[in-house]
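Scroll down for the structure; my scribbles are underneath it.
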Amino acid sequence: MKLYLALILLLPLLGGVVNAVIGRKLPRRLSETLACGVVGGAFVCALLAFSAYRAPVKVELCSWLAAFDFKAPISLYLDPLSLVMMLMITFVCGLIHLYSVAYMADDPDYARFFALLNLFVFAMLTLVLAENLPLLYLGWEGVGFCSYALIGFWYREEKNATAGRKAFIVTRVGDTAFGIAIVWMFQLFNTVSITELNGMGFLMPAGVITGLGLLLLVSAMGKSAQMPLMVWLPDAMAGPTPVSALIHAATMVTAGVYLLARMLPLVGGSVAALAVIALTGGVTAFYAATCALAQRDLKRILAYSTISQIGYMMLGVGAGAITAATFHLLIHAFFKALLFLGAGCIITAMHHEQDIFRMGGLRKSIPLTFWPFLAGALCLAGLPLTGGFFSKDAILMAVWLKGGPLYSGLYGLGLFTALLTAIYTFRMVYLVFGGGHSSEPLPTETPLHHQGGGSLRVPRLMEWILLPLALLGLFGGVLNLPAWLGEGWLGRFLVTQAGIKETGALHALELALQGVAAVIALLGVAIAHLRYGGARRRERLAAAETPPTGLTAFCLHGWYFDALYRFLFIRPFEALARILWERFDEGVIDDSLDRFAFVLGRTGQGLGSWTTGRVSAYILSFAAGAALILGYLAWVVL
Amino acid sequence: MIVPLLHVLILAGILFVLGLVCVLVWRSNIIMMLIGIEVMLNAAMLAFVGGANRWGMADGQVFALMIMAMTSAEVSLALALVVYLHRRKRTVNTDEFSEMKG
Amino acid sequence: MEQTLFYILAVVAVIATGFAITEKHAVHAIVYLVTSFFALAAVFYLLGAPLVAVFEVIIYAGAIMVLFLFVIMMLDLGHPEKAGRPGSRDWWPALLLGGITLAAVISLFSNQQPTAPGKLPFVSIHDFGRTLFQNYGIAVEVISMQLLFALVGALYLGRRR
């Protein structure tokens, strides 16, 4: 077991370091093979670890930080939660590595790209497997850095570099809260080991636990792009599409949820903290769904959809249902990665056109992309019997069971958000893939128009990768079937970990709630069909030519949060920086030095004028010195 | 002693300071500076003689005589210098002779 | 009676020196100085040093001051309207430093025991001569050499090229 875990971490690290150092000198195929091979090797080790798993195990590899009482060795903790996360990460990352071989085939910077991808996998696995908080923080920071470097991968355009910087700075706010929480926990409990901390929750009063919970929530907000720190994720779509799929769909943005799930035995003792977490999740889900309704850029729709789904996961954590949240995390990883990779295929086919109002008729042109993409959309909308349906419903059921006015309100909000999700998902599908009949005029200025309607090319490798993800998304529901269909395997598996309780419920209630959710999803699809399907599509396209106004503009710009932050924080900060620079740094500090030097120069000149070469001056000085000495003598004597 | 030594010394002090003031006031004129020096030396002689008188020994007077001899030597050389300088620049203003400046 | 005489002579000396200092005409200043030296010589006699008094008159007032006059006349420096007169700017630092020095010196002098005025001790010429040539014989030789140096120096400086 120790060997498997060590290899799981070391293989991606090795791949990343080799690619970073000598990747440019290796032939392209070798570098790519190395990068994909190490992640594949990590997946194999993860499978081996899964088969050898019996009970939660703590593996200490070596010592890292040790000073007085503070000990943070490199020790890994394998329990059901981290095991399933590890399997998901290595599998999805492996697929994405293969995909990006084809996607980045024209890019000369392949060595940097694969090095960063490998390092990202290493950091994410460290985060998931960490047994103590400093090691988790190491992984946390690692994924943050790799995310920054990958978002701004094409840094020669300023927009991309700015997006990377924005992501880094906003997540930094969360990281600061996390750092404070770690130090506070050490000061309270004298340990930073997660397993020990989770057992000590009862020692402190509820106020302290609430404080810790809120700090961890803020750090999760930053990493997982929840309100109010969600402004970086839509802009992060400036990076290559595999990066968006990897980091901003499947792995990094789930790190916040993972952290909260990990520390739930500690912070779950505070009802207030859980309520705030749930509230954050619910409100964020609603916010992101409204924004996704108005977006024009394909990847931005998916970005807002990610924010919304992670809001659901937070809602699940806030309701205390770790099983449901983890289930949704896994399924979301599959179908969101699928959607992003499909979007990558679409964008490649459309020669990097990303506006959905300029696409159309792709169902006929690239069918092999269409069907998996449709599967992913079905999962996202939560249509009955897909994996997405079961996972989203599990969360909503847990919220319903929690009871109380707050949770009931959040249940309603979650249901309404599910409706919005279905609407915007199928808006996207209809606009991108619909149309294309010979009687319909093609939208102007598309490659279809230029090519005269010939079929568009998507590299085969990219399309084939979509298939396994589609299958997993559609049939992933078997992982945790609700009680009336059979026992949930995931639930049973996770229950073996301390602190996770299985929420049982009456079969009838479950069926009723699932029925409601199914009706909502189908209703959403119907509304989207009414508005965007068939003939109405042309009207929508025409209407989209005019600039957006009113509510549409409000949602398009993300409820103007960017403008709000610019007004509240950035402009005062820039003003303060300018004042400090011009008035203090140049005015006071530089000026005072200049003036001091000037005064010294003048003093020297003044003193220098003593040497006049004239006897009269010297005689006077002599007499003055003599008078001084005599006066001093008299003073001393008397 | 006819007067306390203190009074003699006070007189010597006053004369010395007057000579010093002369040197300092007339520091632009060589001749007047030399005169001030003469006054100062005289005051010193007075102090020596007063001391000799106080202790009844002749040593003080001997030294006063030495001072006088030294003064004459010094004055002759000083005035020879004044003549020399006057030949160079036709003035006895000390401020004119500032080649040692800097 | 000698006491009063001493004080009168002291006052005369100081006043004469004061006039000598503030006089703008060099020749007048020297004459005032001669007056001061005469008074001082009388003080020397009162303090029991007749030989020094005589030498003061002969050498100091007689030779040295006359030498000054010679040089002044030779260089034709006797025209006060052409020379620069020191203004108040030159007076105040001099007076200040002089005042400080005087105050310091007098306070230093005041520290000793006052002696009772008594009889007038008189050092005879015989004693003076013996002290001079017996105890300080080498000094006499050195002085004579010093005078020789001064003579040679003055000759050298004064020669015409």
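The values are calculated or read from the model by the stated rules, or taken from the named source; none is laboratory data. No experiment lies behind these values; they were computed from the predicted model shown. Using ideal geometry, Cβ is built from the backbone for each residue, glycine included, and neighbour counts are taken over all protein chains shown.
Residue by residue, here is whether (1) of a type outside the set (Ser, Thr, Tyr); (2) buried (at least 24 other Cβ atoms within 10 Å of the Cβ); (3) not in a helix (DSSP H, G or I) holds:
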site	(1), (2), (3)
A:Ala249	yes, yes, no
A:Thr254	no, yes, no
A:Leu260	yes, yes, no
A:Thr284	no, yes, no
A:Thr306	no, yes, no
A:Leu315	yes, yes, no
A:Ala325	yes, yes, no
A:Gly342	yes, yes, no
A:Ile347	yes, no, no
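Considering only residues that are more than 18 Å from A:Ile247 (Cβ to Cβ) and of a type in the set (A, V, I, L, M, F, W, C), which ones fall in the stretch A:127-145?
Scanning the stretch A:127-145 gives A:Leu129, A:Ala130, A:Leu133, A:Leu135.
Evaluate the stretch C:82-94: report whether one residue or more is surrounded by 14 or more Cβ atoms within 10 Å (Cβ to Cβ), in contact with a Cys (Cβ under 9 Å, 6 or more places away or on another chain) and farther than 18 Å from B:Ala78 by Cβ.
Yes, the conditions are met somewhere in the stretch C:82-94.
If you take the residues in the stretch B:86-102 that are without any contact (Cβ under 8 Å) to a residue 12 or more places away in the chain and assigned to a helix (DSSP H, G or I), which one is nearest to the other protein chains (Cβ to nearest Cβ)?
B:His86
Kindly indicate whether B:Ile37 is under 20 Å from C:Leu47 (Cβ atoms), of a type in the set (A, V, I, L, M, F, W, C) and more than 7 Å from chain C (Cβ to nearest Cβ). Lay out the reasoning, then the answer.
Values: under 20 Å from C:Leu47 (Cβ atoms): no; of a type in the set (A, V, I, L, M, F, W, C): yes; more than 7 Å from chain C (Cβ to nearest Cβ): yes.
So B:Ile37 does not fit the description; no.
Quick check on the stretch A:59-92: of everything there that is touching a Lys or Arg at 6+ places or on another chain (Cβ under 9 Å) and hydroxyl-bearing (Ser, Thr, Tyr), which residue is nearest to A:Phe334 (Cα to Cα)?
The extreme case among them is A:Ser82.
For residues that are more than 10 Å from chain B (Cβ to nearest Cβ), under 27 Å from C:Asp127 (Cβ atoms) and among the β-branched types (Val, Ile, Thr), scanning just the stretch C:9-66, find the one that is nearest to the chain's Cα centre (by Cα).
Looking at residues that are more than 10 Å from chain B (Cβ to nearest Cβ), under 27 Å from C:Asp127 (Cβ atoms) and among the β-branched types (Val, Ile, Thr), I get C:Val57.
Consider B:Leu6 carefully, then state whether it is surrounded by fewer than 21 Cβ atoms within 10 Å (Cβ to Cβ) and in contact with a Phe, Trp or Tyr (Cβ under 8 Å, 6 or more places away or on another chain).
For B:Leu6, the condition - surrounded by fewer than 21 Cβ atoms within 10 Å (Cβ to Cβ) and in contact with a Phe, Trp or Tyr (Cβ under 8 Å, 6 or more places away or on another chain) - is met.
Working carefully through the options B:Ala73, B:Ala69, B:Ala52, find the one that is more than 27 Å from C:Leu97 (Cα to Cα), at the interface with another protein chain (Cβ under 7 Å from one of its Cβ atoms) and in contact with an Asp or Glu (Cβ under 9 Å, 6 or more places away or on another chain).
Answer to the check: B:Ala52.
For the stretch C:117-142, how many residues are surrounded by fewer than 14 Cβ atoms within 10 Å (Cβ to Cβ), facing chain B (nearest Cβ under 8 Å) and either at pLDDT below 75 or not in a helix (DSSP H, G or I) (or both)?
Of the residues in the stretch C:117-142, 3 are surrounded by fewer than 14 Cβ atoms within 10 Å (Cβ to Cβ), facing chain B (nearest Cβ under 8 Å) and either at pLDDT below 75 or not in a helix (DSSP H, G or I) (or both).
For the stretch A:134-149, which residues satisfy the criterion of being without any contact (Cβ under 8 Å) to a residue 24 or more places away in the chain and either closer than 23 Å to A:Tyr110 by Cα or outside the structural domain of A:Lys166 (by TED's automatic domain parsing) (or both)?
The answer is A:Gly142, A:Phe145, A:Tyr148.
Given the residues B:Phe16, B:Phe63, B:Phe97, B:Phe48, which is the only one that is buried (at least 18 other Cβ atoms within 10 Å of the Cβ) and more than 25 Å from C:Tyr32 (Cβ to Cβ)? Write out each step before concluding.
Details: B:Phe16 fails: more than 25 Å from C:Tyr32 (Cβ to Cβ); B:Phe97 fails: buried (at least 18 other Cβ atoms within 10 Å of the Cβ); B:Phe48 fails: more than 25 Å from C:Tyr32 (Cβ to Cβ).
Just a single option satisfies the conditions, and that option is B:Phe63.
So which residues in the stretch A:349-363 are on the phi < 0 side of the Ramachandran plot, more than 22 Å from the chain's Cα centre (by Cα) and in a loop (DSSP other than H, G, I, E, B)?
A:Met350, A:Glu353, A:Met359
Just to be sure before I move on: is B:Val83 more than 30 Å from C:Leu46 (Cβ to Cβ) and either away from chain A (no Cβ under 14 Å) or surrounded by fewer than 19 Cβ atoms within 10 Å (Cβ to Cβ) (or both) in the structure I sent?
Answer is yes for this residue.
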